[in-house]
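To start, the structure under review is shown below, and the notes come after it.
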Amino acid sequence: MIDHWIIPDRLFDGQTIQSGIGLHVKDGHVIDIGPAPKGAQKVHGLLTPGYIDLQVNGGGGVLLNATPTREGIATIAKAHRQFGTVALLPTVITDEAYVLDDVANAILSAKGIPGIIGLHIEGPHISEARKGTHDARFIRPLDDRTIAVVSHLRNIGLPVMITLAPEVTPLEQISVLAKTGAVVSLGHTNATADQVQAAIDAGATCATHLFNAMSPMTSREPGAVGAVINSTLYAGIIADGFHVDDSMVGLAIRARPKPDRMMLVSDSMATVGGPDRFDLYGRDVVLKDGRLLNSAGNLAGAHITQAEGVQRLIENVGISPDAALRMAITTPAKCMGVSALASPLNRPLEDLILLDVDYSVRGTLSEYAIAPQTPNAAE
């Protein structure tokens with residue numbers, strides 16, 4: 001087994017990018033971080049904890065709603081891991097009630113699959129006016145059945161995020177969900193700013209894909225978008241250049257009153273690591289010029305990885321590399337109460353990734369931690 005020190009060109013420690021810092025590796029895990037002793041193995045590139053994605057609808061040709069099984073979840077996790085995402089929330093979208101039951105059972109059976117940290121329930125308790133690609137047939141008020149699923153998952157310690165629209169959900173129910181320890185996220189909503197604030201007061205702590213499927217901000221009415229930006233909520237955002245204009249991504253990041261409350265999400269579908277089309281609610285969704293389009297020509301989820309999102313934040317939005325990495329690692333970890341995933345310490349080598357000079361993913365540290373490195377373009 002490996003028992004030695006490794007020193008990368010640069011290391012992201014969960015907060016900042018540093019140079020001259022090494023990792024003590026033993027039995028495939030990082031057991032210490034600090035100044036490396038003489039003779040430490042050099043590894044070229046930027047070493048960082050792998051990415052965390054809190055909104056993953058599918059991958060590897062599998063859509064969670066359509067394949068709510070342990071095998072389906074494993075396929076999704078494997079598809080995203082090859083692109084540097086080592087921890088994620090499989091996301092079930094608006095559907096018939098039994099689909100959520102099936103997904104919850106699948107999540108329970110998926111215990112032990114690397115990278116599965118919980119469940120994101122996106123709908124069906126949302127606004128029909130802001131449903132996006134969700135099927136209006138299945139939208140319904142929050143009920144005891146959903147609350148029971150969330151409560152059960154939380155009782156066994158599984159992190160849960162649930163996206164709902166505050167204007168169609170009684171504040172008492174939001175409080176009930178929040179008291180379970182679930183992350184209540186506001187999304188697919190036509191709410192006013194006052195309704196958003198009331199939901200925050202009731203226990204909501206997050207917002208789902210800022211700007212998308214939300215009442216817009218205007219000069220006289222902040223809407224859900226303005227209310228979220230002005231708040232201290234955690235907020236996911238899709239940085240594929242299609243869902244939100246790059247300039248608006250940058251504006252939102254700069255405008256937040258508390259730093260490190262914006263987090264990168266992919267909202268990725270089955271096409272990531274899979275074929276260029278899939279079935280959604282019995283209709284074909286096709287990948288065309290980077291966009292996922294349904295038969296009406298509307299966006300139906302996203303075809304982007306967290307790795308690509310990080311690159312776009314740095315290159316297109318102008319965010320510093322440290323801040324971009326926090327958006328894809330540290331902030332989502334804090335949002336879900338799994339802060340240990342933002343640090344390289346006590347992590348298996350398979351959960352640490354090496355980035356090249358252009359911030360593309362070279363591979364995991366497990367691929368580079370034994371053999372001496374060959375000089376390459378990353379030097």
Check: How about segment 240-255: which of its residues are among the aliphatic types (A, V, I, L, M) and under 18 Å from the mean Cα position of the chain (by Cα)?
Finding: Val244, Val249, Ala252, Ile253
Check: Quick check: is even one residue across segment 58-72 of a type in the set (S, T, N, Q) and either in contact with a Lys or Arg (Cβ under 9 Å, 6 or more places away or on another chain) or in a helix (DSSP H, G or I) (or both)?
Finding: no
Notebook entry, point to check: For segment 282-327, which residues satisfy the criterion of being farther than 13 Å from Ala239 by Cβ, of a type in the set (Ser, Thr, Tyr) and modelled with pLDDT of 95 or more?
Noted result: Ser320
Next item on the list: Tell me, yes or no, whether segment 322-339 has at least one residue that is assigned to a loop (DSSP other than H, G, I, E, B), small (Gly, Ala, Ser) and touching a helix residue (DSSP H, G or I) at 6+ places or on another chain (Cβ under 7 Å).
Entry: no
Note to self: Against the conditions (1) of a type outside the set (Lys, Arg); (2) out of contact with any Pro (no Cβ under 9 Å at 6 or more places or on another chain); (3) closer than 26 Å to Asp279 by Cβ; (4) in a loop (DSSP other than H, G, I, E, B), where does Leu158 fall short? Just the number, please.
What the structure shows: (3)
Check: Hey, does segment 364-372 have a residue that's assigned to a loop (DSSP other than H, G, I, E, B), open to solvent by 60 Å² or more (accessible area, probe 1.4 Å), among the hydroxyl-bearing types (Ser, Thr, Tyr) and modelled with pLDDT under 95?
Finding: no
Next item on the list: Return the residue satisfying two criteria in turn: it lies in segment 8-55 and is at pLDDT 95 or above and among the acidic types (Asp, Glu), and of such residues it is surrounded by the most Cβ atoms within 10 Å (Cβ to Cβ).
Entry: Asp53
Notebook entry, point to check: Among the residues of segment 303-321 satisfying the criterion of being out of contact with any Phe, Trp or Tyr (no Cβ under 6 Å at 6 or more places or on another chain) and part of a loop (DSSP other than H, G, I, E, B), which is farthest from Tyr359 (Cα to Cα)?
Noted result: His303
Next item on the list: Please list, ordered by first then second residue, the pairs with beta carbon atoms under 6 Å, 6 or more apart or interchain, first in segment 298-313 and open to solvent by 50 Å² or more (accessible area, probe 1.4 Å), second of a type outside the set (A, V, I, L, M, F, W, C) and modelled with pLDDT of 95 or more.
Entry: His303/Thr271
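The values are calculated or read from the model by the stated rules, or taken from the named source; none is laboratory data. On a predicted model such as this, the values are computed, not experimentally measured, just so you know. Cβ: placed from backbone, ideal geometry, glycine included. Neighbour counts: every protein chain shown. SASA here: full protein model, heavy atoms, side chains in, ligands and nucleic acids out. Shrake-Rupley method; radii C 1.70, N 1.55, O 1.52, S 1.80 Å.
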